[in-house]
Amino acid sequence: MSTNLTSDGIIAFIPIIVAATTATLGMLGIAIKRDHFWNTTLMLGGLTLALISSVWAWQYLPTEAVTDLFIVDAHAHFYMLAILIATIACIILAYPYMQSHSGNREELYLLMVLAATGGMVLVCSRHFAGLFIGLELLSIPMYGLAAYSFQRSHSLEAGIKYLLLSAVATAFLLFGMALLYAHTGQLSYAGIEQALQANNSVSTNLVWTGTSMMLVAFAFKLSLVPFHLWTPDVYEGAPAPVTAFLATASKIAVIGALLRFLYTVPALNSEYLREVLAILAGISIIGGNLLALLQTNVKRLLAFSSIAHFGYLLIALVASQQVLVATGIYISAYLLATLTTFGTIAYVSSPYQGTDIEELDRYQGLFWHSPYLATALTVALLSLAGIPLTAGFIGKFYVMFVGVNTAHWWLLGTLVIGTVIGIAYYLRIITTLYVTASSTNQIRLPIGWNHTISGAMLIIIGILVILLGAYPQPLLIIIPSTITNLG
Amino acid sequence: MYVHEPVSAGFSYLAPWIILAPLTGLTINSIFGKRNGEIFVGTVASIAVGIAFIASILLAYTVAQQQGVVQYWTLAEWIHVGTLQLSWTLRLDTLSTTMMLNVSGVGLLIHIYAIGYMHEDVRFKQAEDRFTGFFIYLNLFIAAMMLLVAGDSYLLMFIGWEGVGLASFLLIGFWFEMDTLGQPSWANSNAANKAFIVNRIGDFGFLIAGFLMFWHLGALQFDAVFAAAANAEPWVVPAITLFLLVGVAGKSSQIPLYVWLPDAMAGPTPVSALIHAATMVTAGVYLITRSAPLYALAPEAQHIVALVGAVTALFAATIAVGQYDIKKVLAYSTISQLGFMVAAVGVGAYVAGMFHLIMHAFFKALLFLSAGSVILGLERGHHQQDAHHGHSNSNSNSNNHTHDHNEHPPFDPGDMRNMGGLRTTMPITFGLYLIGALALAGIPPFAGFWSKDEILLDAQHHFYLVYWILTIAAFLTAFYMGRQIWMVFFGTARHKAAQHAQESPPIITVPLMILAALSIVGGMVNLPIEGWHTLKHWLDMTIAPIAHTVPMTHKGVTSGFNIYIAGIATILGITAIGLSWLLYGKNPLGPIDPLKKLLGSIFMGMERKWLVDELYETIFIKPYNWLAKILLGKYTDRGLINGFFDGLGSIIVLLSGLVRKTQTGQIRSYALTFVLGIVLVLSYFRC
């Protein structure tokens, strides 16, 4: 089956084309003249254009695959939108952060745009080649990003750790693909599905080994226990805006690709696989929450909590009922809350020349001198904890809903235990924000901070978290409409 | 799920504004209120309610144009999960628009009155900065009440139900750090808590009813519930109706949950008039009327409703006879009148119940507000006399709280034993109060006569026992109102404050005159003469389609007029007033109540409210406190439960510490774990 690129296909591809062009222009812009403001504006503008074009192209969805490698359907658009929103937010947050950076600043944005392009490619791919290209295009800029403040040894360490372990994961991914190819002779998802159905050989050792190896690579990127060990070190070491990017755009792209892979090749989505996913989900929830409980470093704490969050999300995949709706809603809530939490860290760290404010002590009494920011952060943390009237509650409600419907009781039990432990450490951060500061060590924000774009953005996202929690109807309308036949 | 096509014609699009207007008002006031002063705040709040009132009129007009066909207006979809479909839909029919008119109309008058009342009240209490807060709460109340009466499902109704409960709590405890005399105390705060907690019991009943509907009828939207109720299992509908009755008993203060309403008079007088007489407490009557199709399927439940109402009417009336506080008398009278309404809807006389509800809103609001005017008059007199008698000015103002308390018992401007002879010092208020009292006593041709007569007629037709109980209650009503009139306005002043009492300004008296006019001619909306049953025709558009399924229907009898029943009621009323004159009006009053000499310990019972509060204290509160103390003790909460959770916490912390050891930071151990992980995943297949 070979498909030529039609004009419809080009229209559907426009967001990716725009993003890629943005990266090229950004590179040229830096080559012509280094100017922090103009280069950032250029790339931000490009991504915004890509965002608009994605919304616009949504209505011209091609009915067939765009090329052999890619398909741009509603699912792809939804995840591309999420990636673009995350990237734009991270760039806005990075701008004040990079102001005090001593080295070259502009390449950070370039790397983010490249990674975002990779993520967009990833969620569109329907072929192992596309999957691999996308994943690498997403990952390789991440190494550079993590090590961007290389003057700090932590940052450099983070970059190298991520690089080495990522290479291991990629090796497993390639090996898994090779095994599946060896068995089916196909590289496209549809082809694999056909071949597996034809000779009815799903449960052979070869297929299972191939699938598990690919799954492990995905589990690494999503930092599920026991493939999570890199997460806290990299989250802590990377500059805060990069951490925000890693926690949102990167993970959202991977989950989008995983969903497409599993639901385009249903033959692989076997009972065994779901049992393995269930175990991964369970130990990620418990492990992530336990690890977070005693943390005093906010970045590490949030890293561990993100492990738990992808555990919760996997419950929907295990339940395999209304998966795309449940994950879509959960992802939206997670995106907003995570952007606010890491965004706050990035924002308050901006004046400190690359040293991130990550010890919990430093946030003591934040409410008393920056009430709006502290309130936004509180709302985001409550959302992560899954408190009603926040978007996080809606996401967790959906996951529970599908879990109850498919009677995965022990998994729901871990969800409840995990949530209880989660509330304990989220509340610990929240109470810290409201006690009157005792140390002279506490952070100070410049006056008028909330008139800057980054500050205003954090508050707007905080408001969105509440708004979508109280009135989730927009999400509940948009997300089910992204469900198509993922093939 | 029952799906209805949203119908909306004429002015239906104005429906959201009945809620949005007061919400806008409170938003404006909470942002700009403090800076702009009292006139601004009062005007904004009143205009907001005025807009809601105008919208209500236009909505009622639209419903009339559509011949009573129900109009639905969906503001927004809320949540749509599985079969549960919730939306913010407002329902416009003759019943809901009648309630809207009642709430916003009386509400508007009381808002205007409150501008004048609170202006003085905040100054007597030395807290001028609270003026804004009062109007914010008042607008909040109107918004919640509008949602309650206009919501198209039991869920929206419940949200409004809780909203008015919240507003009521905030307003009862408005002067939370003092008692009704302005002395430092937690009395008002306790009254607010009592109202809130007792209402929780009622709300619990409502919630259970809601859950039953959801599980057994699969719906919360009115039409869907009623449609499903016909095919439900036989126990479901009686259970739902009885649990709803618990909710009604809480909100409309019926036996056994009425105890909060008398204490609720701790709130400022406009609050007593608006929330605890005219509108919120009638929500229960509205709930039963709205649920008529359910009650039609459960005749036993209907009997219980009628009996609860009738017994409450009589019981509260006996207590009202023995009270000395001008507002307490009115509070018990309100409970009694609510009993009349509940009894009416209990015997299936929905129109009569609603008729009495509206008339009661007029004359009881009038009475409460006039009582407020009396209290303010006495306070003015007291202050003037204070100044006159050489108390230093600063003393009577700033140190009032502590000083009075130590030297002599504080002056209570609400105690009728301090009044007397006010008809000369406050003639306008006297006239207005008299009109309200005659309307309440059911003397023709005032409004209360017609509505009460209709209830008695229906009761006599359907439930003889209830008829007799209500007749006795009506007799007592006339008696205690007569007693109040003689004690307050006739005779000679029994306290210097009453001697120096001053008439209230027009901003207070003008709204009262409007209410008085309505109390006189209000009965016109439903005269028992052919061609004059306007209200019945109007409400029947909504109620009649369901009323034919009601076992105890009012088969045309409500439109009749039984000269015997009207005659007996009128004669009893006049006799009661005469009797009260013999006891209270003929001779100057001594320190001991004349009725006490006559009835002895029975009067003591009335005066002490039949010791119901003390009974509840012994049965519920003391054991509860005892249990709480035990549970908090060394061996239970602090020992067993705390120990258990502390232990659990330590285990988790311990685990957490162990798991953290895996984060070595060594890349080789990370890679090793990675490989171990994949070995485990691969081996899972062959397990």
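Any residue at all in region A:55-67 that's of a type outside the set (Ser, Thr, Tyr), under 22 Å from A:Tyr148 (Cα atoms) and out of contact with any Pro (no Cβ under 7 Å at 6 or more places or on another chain)? Looking for residues that are of a type outside the set (Ser, Thr, Tyr), under 22 Å from A:Tyr148 (Cα atoms) and out of contact with any Pro (no Cβ under 7 Å at 6 or more places or on another chain), one finds none in region A:55-67, hence no. Taking B:Tyr295 as the residue in question, decide whether it is in a helix (DSSP H, G or I) and modelled with pLDDT of 90 or more. No.
The set of residues in region A:271-302 that are within 15 Å of A:Val234 (Cα to Cα), surrounded by fewer than 22 Cβ atoms within 10 Å (Cβ to Cβ) and more than 10 Å from chain B (Cβ to nearest Cβ) contains only A:Asn297. Per this entry, B:Gly163 is counted among residues that are more than 14 Å from chain A (Cβ to nearest Cβ) and under 15 Å from the mean Cα position of the chain (by Cα). Of all the listed residues (A:Val216, A:Val225), the sole one being in contact with a Phe, Trp or Tyr (Cβ under 8 Å, 6 or more places away or on another chain) and at the interface with another protein chain (Cβ under 10 Å from one of its Cβ atoms) is A:Val216. Candidates are the residues of region A:189-207 that are in contact with a Phe, Trp or Tyr (Cβ under 9 Å, 6 or more places away or on another chain) and crowded, with 22+ Cβ neighbours inside 10 Å; the one that is nearest to the other protein chains (Cβ to nearest Cβ) is A:Ile192.
To keep it simple, each residue is scored yes or no on (1) closer than 30 Å to B:Tyr117 by Cβ; (2) crowded, with 21+ Cβ neighbours inside 10 Å; (3) away from every other protein chain (no Cβ under 14 Å); (4) at pLDDT 80 or above.
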residue	(1), (2), (3), (4)
B:Val41	yes, yes, yes, yes
B:Ile47	yes, no, yes, yes
B:Tyr61	no, no, yes, yes
B:Ala64	no, no, yes, yes
B:Val81	no, no, no, no
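Among the residues of region A:35-92, those that are β-branched (Val, Ile, Thr) and assigned to a helix (DSSP H, G or I) comprise A:Thr40, A:Thr41, A:Thr48, A:Ile52, A:Val55, A:Ile83, A:Ile85, A:Thr87, A:Ile88, A:Ile91, A:Ile92. In region B:636-647, of all residues being surrounded by 11 or more Cβ atoms within 10 Å (Cβ to Cβ) and out of contact with any Gly (no Cβ under 9 Å at 6 or more places or on another chain), the one that is farthest from the other protein chains (Cβ to nearest Cβ) corresponds to B:Thr636. Regarding A:Leu259, is this residue surrounded by fewer than 24 Cβ atoms within 10 Å (Cβ to Cβ), under 18 Å from the mean Cα position of the chain (by Cα) and more than 11 Å from every other protein chain (Cβ to nearest Cβ)? Yes. The set of residues in region B:576-597 being among the charged types (D, E, K, R) and surrounded by 13 or more Cβ atoms within 10 Å (Cβ to Cβ) consists of B:Asp593, B:Lys596.
Surrounded by fewer than 19 Cβ atoms within 10 Å (Cβ to Cβ), at negative phi and charged (D, E, K, R), is that true of A:Arg105? No. Scanning region A:148-162 for residues that are without any contact (Cβ under 8 Å) to a residue 60 or more places away in the chain and either touching a His at 6+ places or on another chain (Cβ under 7 Å) or assigned to a loop (DSSP other than H, G, I, E, B) (or both) yields one hit, A:Phe150.
Scanning region B:607-651 for residues that are in contact with a helix residue (DSSP H, G or I) (Cβ under 9 Å, 6 or more places away or on another chain) and basic (Lys, Arg) yields a total of 2.
B:Ala249 falls short on exactly one of the conditions (1) more than 26 Å from the chain's Cα centre (by Cα); (2) farther than 14 Å from B:Ser153 by Cβ, and that condition is (1). Inspect region B:244-262 for any residue being surrounded by 18 or more Cβ atoms within 10 Å (Cβ to Cβ) and either over 22 Å from B:Met341 (Cβ atoms) or among the acidic types (Asp, Glu) (or both) and give the result as yes or no. No, the conditions are met nowhere in region B:244-262.
Scan region A:401-421 for residues that are assigned to a helix (DSSP H, G or I) and touching a residue at least 40 places away in the same chain (Cβ under 8 Å) and the total you get is 12. Exactly one residue out of B:Ser669, B:Ser650, B:Ser683, B:Ser656 is within 14 Å of another protein chain (Cβ to nearest Cβ), of a type in the set (S, T, N, Q), part of a helix (DSSP H, G or I) and farther than 25 Å from A:Ala292 by Cα: that is B:Ser683.
Given the condition surrounded by 22 or more Cβ atoms within 10 Å (Cβ to Cβ), in contact with a helix residue (DSSP H, G or I) (Cβ under 6 Å, 6 or more places away or on another chain), within 13 Å of chain B (Cβ to nearest Cβ) and modelled with pLDDT under 90, answer yes or no: does some residue in region A:166-177 qualify? No, that holds for no residue.
Whenever a residue of region B:235-262 is of a type in the set (Phe, Trp, Tyr), its partners that are in a loop (DSSP other than H, G, I, E, B), lying with C-beta atoms within less than 8 angstrom and at least six residues away or across chains, give the pairs B:Trp260/B:Ser253.
The values are calculated or read from the model by the stated rules, or taken from the named source; none is laboratory data. All values reported here derive from a predicted model rather than from experimental measurement. Cβ: placed from backbone, ideal geometry, glycine included. Neighbour counts: every protein chain shown.
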